[in-house]
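The values are calculated or read from the model by the stated rules, or taken from the named source; none is laboratory data. Nothing here was measured: the structure is a model prediction, and the numbers come from that model. Please note: Cβ atoms are built from the backbone with ideal geometry, for glycine as well, and neighbour counts cover all protein chains shown.
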Amino acid sequence: MCGSRARVNVLLILLVLLLPVLANGACSSSRTPITVLCAGSLIVPIQELADEFEAAHPDIDVLVEGHGSIQVIREVTELHQEADVMVVADQSLLPMLMYGNKVPDSTDEYANWYIRFATNRLGLAYTSQSKYAAEIGSANWYEVLSRPDVEVGISDPRIDSCGYRAFMACQLAEDYYSDNTILERVMGDFSPPITVSDNLGSHVIAVPETVKPKKVIMRGYSVQLLGLLESGDLDYSFEYESVAKQHGLGFVELPAEIDLSSRDFADRYGQVTVKMDFQRFASIDPEFRGEPIQYALTIPTNAPHTNAALQFVEFLLGADGQRVFLESYQPTLDLPEADNPANMPARLQSLLEQ
């Protein structure tokens with residue numbers, strides 16, 4: 001009898017201990033899960049937004065995944081991951097890679113509208129331990145990065161917008177500083193080579209299918225370089241200003257004619273194109289023309305939880321989202337702008353008419 005009573009007591013204790021876990025599990029299973037795929041440079045503000053959104057909408061569970069912007073789209077269109085919201089650092093990627101691209105076993109395109117809502121500027125992140133940190137500036141940055149003892153980091157231009165924008169900035173610098181050796185000296189050699197062809201003042205940078213740098217250190221997307229900066233394995237990396245400030249890093253500002261931040265210099269930026277020579281997207285031939293940095297979002301047509309996704313987008317574009325972006329040093333547009341607004345869900349229209 002004593003043994004039976006002891007076993008019963010142990011079971012009762014275990015049941016009491018498990019009740020909160022079981023209750024949380026039941027509560028969690030009743031929440032609507034949404035997946036937000038975002039550019040790596042937006043991980044900090046988007047995760048903060050997700051936390052605040054969940055607090056205001058306890059019935060929705062937000063999972064945030066960060067990737068290079070091209071990879072964000074590949075996750076959905078090629079790897080067939082279901083996503084509810086997609087946010088990229090280059091608005092041109094969405095029509096290029098999603099418009100006209102059909103969902104399997106459907107006549108629907110993956111997307112046919114998007115909203116531009118934020119911008120940024122490209123520059124160089126560094127720490128106080130970076131070589132020549134005391135002397136680098138907007139007038140000599142390319143000379144410092146060209147020195148043989150300086151370690152420079154870039155993200156992979158084949159999957160991350162910051163990567164191909166780094167090449168654009170170096171090419172624009174050649175025209176700005178009247179020095180046609182800057183791109184080669186800063187980036188060094190690649191195997192096989194990354195080539196530049198010139199035609200009547202325009203430049204086309206061709207990136208091959210495989211890219212192996214001999215001088216710079218390359219990672220999948222830009223925020224993966226931050227740990228190397230902080231450990232001292234890198235001296236400088238091409239980053240967005242918001243990312244550098246979010247992580248307490250120094251930031252070398254480049255001239256506006258180079259940093260892809262200003263609509264005033266859109267024509268100048270447009271003189272540089274990065275052409276991807278690989279079969280990652282079999283149906284298109286990706287070419288990225290230089291333009292002011294613009295972040296954009298969309299809800300894929302095959303999003304599994306459209307209503308919850310719409311609520312999240314409304315939150316992101318509303319006053320709470322603006323505050324979070326401001327606190328995260330992420331500049332936003334004064335008013336969101338839509339591509340193909342007629343295709344947008346009707347409830348988002350009012351966000352463009354404030």
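Annotations for the structure displayed:
- The residues listed here are 136, 159, 182, 154; of these, the one that is touching a residue at least 40 places away in the same chain (Cβ under 8 Å), closer than 30 Å to residue 344 by Cα and of a type in the set (A, V, I, L, M) is 159.
Residues checked against (1) aliphatic (A, V, I, L, M); (2) surrounded by 15 or more Cβ atoms within 10 Å (Cβ to Cβ); (3) under 26 Å from residue 74 (Cβ atoms); (4) not assigned by TED's automatic domain parsing to the domain that holds residue 165:
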site	(1), (2), (3), (4)
250	no, yes, no, no
271	no, yes, no, no
329	no, yes, no, yes
338	yes, yes, yes, yes
346	yes, no, no, yes
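- Residue in the range 212-227 that is part of a strand (DSSP E or B) and among the aromatic types (Phe, Trp, Tyr) present: no
- When we screen 84, 51, 61 for residues that are surrounded by 24 or more Cβ atoms within 10 Å (Cβ to Cβ) and assigned by TED's automatic domain parsing to the domain that holds residue 115, the only hit is 84.
- For the range 33-71, filtering for residues that are assigned to a strand (DSSP E or B) and closer than 14 Å to residue 81 by Cβ leaves 11.
- Index of the failed condition, residue 74 passing every other in (1) surrounded by fewer than 23 Cβ atoms within 10 Å (Cβ to Cβ); (2) in a helix (DSSP H, G or I); (3) at pLDDT 95 or above: (3)
- Residues that are in contact (Cβ under 8 Å) with a residue 60 or more places away in the chain and surrounded by fewer than 17 Cβ atoms within 10 Å (Cβ to Cβ) within the range 219-244 comprise 228, 230, 232, 233, listed in sequence order.
- Single condition residue 106 does not satisfy, out of (1) surrounded by fewer than 23 Cβ atoms within 10 Å (Cβ to Cβ); (2) within 20 Å of residue 221 (Cβ to Cβ); (3) not aromatic (Phe, Trp, Tyr): (2)
- Residue satisfying all of: in the range 208-218; touching an Asp or Glu at 6+ places or on another chain (Cβ under 9 Å) and within 24 Å of residue 233 (Cβ to Cβ); modelled with the lowest pLDDT among these: 211
- Verdict on residue 310 being at pLDDT 95 or above, assigned by TED's automatic domain parsing to the domain that holds residue 54, over 22 Å from residue 90 (Cβ atoms) and in contact with a helix residue (DSSP H, G or I) (Cβ under 7 Å, 6 or more places away or on another chain): yes
- Filtering the range 192-201 to residues that are assigned to a strand (DSSP E or B) and either at pLDDT below 95 or surrounded by 16 or more Cβ atoms within 10 Å (Cβ to Cβ) (or both) leaves 196, 198, 199.
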